[in-house]
Amino acid sequence: MFQQLKAHKAHDLHFKYDPASGLKAIIAIHDTRKGPALGGCRFIHYNSADDAINDALRLAKGMSYKAVMANLPQGGGKSVIMKPNGHFNRQELFTAFGHFVEELNGRYITSIDSGTSAIEMDIISQQTKHVTSTSHEDNPSIYTSQGVFEGIKAAVKSKFNQSNLTGITVAVQGLGNVGYPLVQALHHGGARLVITDINAEQLNHVATEFNAKAVPPDEIYGVECDVFSPCGLGGIVNNHTIQQFKCQVIAGSANNQLATAEDGLRLFERGILYAPDYVINGGGLIYAAMHHVDKPDEEIAKKTAEIANTLSEIFSASISQNMPSSEVADRIAQQRLYDESI
Ligand code: NAD
């Protein structure tokens, strides 16, 4: 266990088993030196407790990187609830989880993630104030989408020296909470669109609404485009897909886009500009963190707009240092977090 904490440079792992509700939950706190750890609560099936621990630690570290790259006074944390195989009572489960969060006395602030929504956050909020993304707040995905849109523009500027998206073809994978408003913004921004989703109904609906070309999910990687925007799932930049890409930029919201760190180098060697995921998709975290401490909307908007500046700096450094953008971002994040020299 401590080896795993050491490997992730994480500070604490908290476990909760509540026999009455059947709750089996883990809260991983990666780092709180810059502020309380903020990160979503994932509610999915895990094959084993080890898988759940690993997921929590990996995701908590990602949140620290995301927070530090957005210059937020926030640490990284994440929680996972192991979804029961049999019957469960959602109200009781998330009430027990709310108690768990409260016991940490504000060191961890929870939010939505895969398998949770404002409904669960509302239940948690009955037990603790250390929760964001309840039904009384905006959906953070809108802010994530705005950050990705501005990030795509920054990448296009860097790669094609073009300040707008007119005539730029963007292939979007995933048309959910982030992908849908992104497609909308890209359409209004003058981009040509190729889109996909495993949900055929959503795919056809969005294609009609925004005059986009719909392709089957497995064809999106080989689409002729300028920008590939992964907004569905992680691990989609890998040995297999890199050979298919015909894009010059990869910029989307999905977490953990690179299957391995080496894939960042492979993209660089192929001349594909990659917008590091934890930088470009920080808009939702910015909203959740700043709204939680009652920052005004203008400050939140300003901070979200800074995502594009940070990306531009990373792209410039990638060129001047002849280093993959993924590595440039990692080095900056590690330096800010651990004061390691770059
Ligand atoms: P979502 O579940 O609302 O939407 C994901 C969409 O992708 C769905 O429509 C789904 O059908 C589609 N999809 C799944 N697998 C696919 C595949 N193989 N091919 C094509 N489409 C596929 O999720 P979301 O909130 O929009 O988040 C999208 C991604 O961005 C996720 O990786 C998430 O972790 C990441 N992210 C989201 C936020 C946020 O604020 N929502 C913030 C940071 C990162």
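The values are calculated or read from the model by the stated rules, or taken from the named source; none is laboratory data. No experiment lies behind these values; they were computed from the predicted model shown. Methodologically, a virtual Cβ is constructed for each residue, glycine included, from the backbone with ideal geometry; neighbour enumeration extends over all protein chains shown. Quick note on the areas: whole protein, heavy atoms, side chains included, nothing else; ligands and nucleic acids left out. Shrake-Rupley method; radii C 1.70, N 1.55, O 1.52, S 1.80 Å.
Summary of computed values
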| quantity | calculated |
| --- | --- |
| Any chance Lys61 is basic (Lys, Arg) and more than 24 Å from Ile314 (Cβ to Cβ) | no |
| So Tyr287, is it open to solvent by less than 60 Å² (accessible area, probe 1.4 Å) and either in contact with a His (Cβ under 8 Å, 6 or more places away or on another chain) or at pLDDT below 95 (or both) | no |
| Conditions (1) touching a strand residue (DSSP E or B) at 6+ places or on another chain (Cβ under 9 Å); (2) more than 14 Å from the ligand (Cβ to nearest atom); (3) open to solvent by less than 70 Å² (accessible area, probe 1.4 Å); number of the one not met by Ala254 | (2) |
| Checking His136 against (1) open to solvent by 20 Å² or more (accessible area, probe 1.4 Å); (2) away from the ligand (no atom under 16 Å from the Cβ); (3) within 27 Å of Ile314 (Cα to Cα); (4) assigned to a loop (DSSP other than H, G, I, E, B), the condition it does not meet | (3) |
| Members of the range 39-77 that are open to solvent by 10 Å² or more (accessible area, probe 1.4 Å), in a strand (DSSP E or B) and not hydrophobic (A, V, I, L, M, F, W, C) | Arg42 |
| Options Glu209, Glu298, Glu269; residue that is among the charged types (D, E, K, R) and within 30 Å of Lys129 (Cα to Cα) | Glu298 |
| Among the residues listed as Thr304, Thr241, Thr310, the single one being more than 20 Å from Asp31 (Cα to Cα), free of Cβ contacts under 8 Å to residues at least 24 places away in the same chain, outside any loop (DSSP other than H, G, I, E, B) and open to solvent by less than 50 Å² (accessible area, probe 1.4 Å) | Thr241 |
| Some residue of the range 166-180 being touching a residue at least 40 places away in the same chain (Cβ under 8 Å) and more than 25 Å from Gly282 (Cβ to Cβ) | yes |
| Of all residues making up the range 181-211, the number that are in contact (Cβ under 8 Å) with a residue 24 or more places away in the chain, on the phi < 0 side of the Ramachandran plot and among the small types (Gly, Ala, Ser) | 3 |
| Verdict on Ile109 being in contact with a helix residue (DSSP H, G or I) (Cβ under 6 Å, 6 or more places away or on another chain), in contact (Cβ under 8 Å) with a residue 12 or more places away in the chain and not in a loop (DSSP other than H, G, I, E, B) | no |
| Enumeration of residues in the range 286-325 that are more than 22 Å from Asn161 (Cβ to Cβ) and touching a strand residue (DSSP E or B) at 6+ places or on another chain (Cβ under 7 Å) | Ala288, Ala289, His292 |
| Odd one out for Ala118 among (1) of a type outside the set (Phe, Trp, Tyr); (2) assigned by TED's automatic domain parsing to the domain that holds Leu175; (3) within 16 Å of the ligand (Cβ to nearest atom) | (2) |
